[in-house]
Amino acid sequence: MPIYSMTGFARAQVRVLVGGEDQLGYALTIKSVNHRFLDIQLRLPPGFDELEMDLRKLLKENLVRGHVELALSVDRSAQQKAGYNRELIAAYLGAFSAARREHSLAGEPDLNAALRLPGALQAEGRGEEEMTALAESVRQQVVPLLEQLKAMRAREGEALVGILNGTLDRLAEANQGVAGLRPEIEARYQERLTQRLLAATGPEFNRQRLLEEVAVLVDRSDISEELTRMTTHIGHFRELLAAGGEVGKKLDFLLQEMNREANTMLSKTGGLGGRGTRITELGLAMKAEIEKAREQIQNVE
């Protein structure tokens, strides 16, 4: 199963035959970007409430996460035709005739003057037949359009998998680097701690007791568990990428755990000179890679 990005775009330009003669043109567009949940916005002309419900249901059945916008744009020249306000013109002509009779005047009404009245000219909307034909065509077109969108999201997802696998390789390399330095760092930490405690307590202090306390403190500063958990998290991350599907939230959680392990390593090994600075460099490199991966994960469904 592929991993899907939440970024995608698809568009269809369609003409519908209405009544055997007339043609109605429209454009149907779907685009999506990343979002924590499935957020659907539909932009349809007035009068398509039933179609809106059908489209919303279809989008929910096919998509899991992302901010999705579906827009229906009808060709205005085909959607409307010239007309006039019959009630207004009739009222104008009636008033003209009444005034002519009342004042015994001669003359005929001026059609040009009547059509210049505010609201006299108007567009006549398409009838029920056109609306029905348009809605049915959109229902048919949105299915292949969604397939185009999902295909693009799958391609984007494949690219994300490549980027994330590269990040995991660098994380694993840094983790191995820290593991290689661990024995030397532990010995250096124990030596430095012993010297400081001897300097603080003096030569009369029980040396055996001192060494026992040092051993306890060194054990608390051991990073072997963090290294093991980091390796486990990296392996689990790879398994989720290979399995595919809706893994965005799971991957985000794993990255939070990885970041926690890297922080713990840094806190336990901070302040050591010499080779200890190399662990700090590797720990900071891990955090940088984790942050890069989190940016990419925000776009995984």
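Just so it is clear, none of the values below were taken in a lab; they were calculated from the coordinates. All figures in this text were calculated on a predicted structure; none of them were measured in a lab. Every residue, glycine among them, receives a Cβ derived from its backbone with ideal geometry; neighbour counts consider all protein chains shown.
Points worth noting:
- The calculated FRET efficiency for L42 paired with D222, based on their beta-carbon distance and R0 = 41 Å, is about 0.10.
- Listed pairs K268/K292; K31/K150; K57/K249; K250/K292 exceeding 20 Å between Cα atoms: K268/K292; K57/K249
- Nearest-0.05 FRET efficiency for D75 and S97, computed from C-beta distance (R0 25 Å): 0.05
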